[in-house]
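As structure tokens, the structure follows; a few thoughts come after it.
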């Protein structure tokens, strides 16, 4: 069974986000993905002037965790929205266009309906999942298709447990695909796929990518599925979650 991590763990460069003199280091925790068969508030500062005093809002200091405000729902309390994560109908990944064909949100107790596997369902429940938003994509050739999902957990530790659940060498715990009604993504869930996940603070990002015809990919093709999965996620959910790391609010 081929694993994209045969050549070492995936490297994601830390990103420095600076705003109003505040710099926050944002890094992503990556979980093993496998080839699977069918993965404090703003403080006002008074300014002195001959005219009536004015106040200037100072950005709140970010928590010390590497994920900033996004380390916990306590500091990032606002619910995600599908538009926030997947608002663009299409995105480009290394020159290739991926088009969103469908999206869906499952809330609270229904988070389990968006995944497969008892351990994964238990991890979502114990981690106090409040929502799991999925969207499916196809490339311009109609050959590569996949689903990206984001689960909103209570803490980073809870998200890590979800990622651990999908990190096995066998396809037993994974994101449930979201087939579209189009002629391409309706085939999601058939054949073999690149499946797995990683975390960003209290969020768990889960993916499933495959070839439309479901064939078992060669090593080179599997790397393309790997790149597509990470690329689409980085072009959609990553900017939204990094913004939350900095502000604790929706972008």
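Annotations for the structure displayed:
- Residue within the range 220-228 that is within 12 Å of the chain's Cα centre (by Cα) and outside any loop (DSSP other than H, G, I, E, B) present: no
- Qualifying residue in the range 98-115 (condition: under 18 Å from the mean Cα position of the chain (by Cα) and assigned to a loop (DSSP other than H, G, I, E, B)): no
- Residue in the range 121-135 that is surrounded by fewer than 23 Cβ atoms within 10 Å (Cβ to Cβ) and under 22 Å from residue 251 (Cβ atoms) present: yes
Throughout, read-outs are computed from the coordinates displayed, never taken from laboratory work. Here the structure is a predicted model, which is why all the values come from computation and not from measurement. Note that each Cβ is placed from the backbone with ideal geometry, even for glycine, and that neighbours are counted across all protein chains shown.
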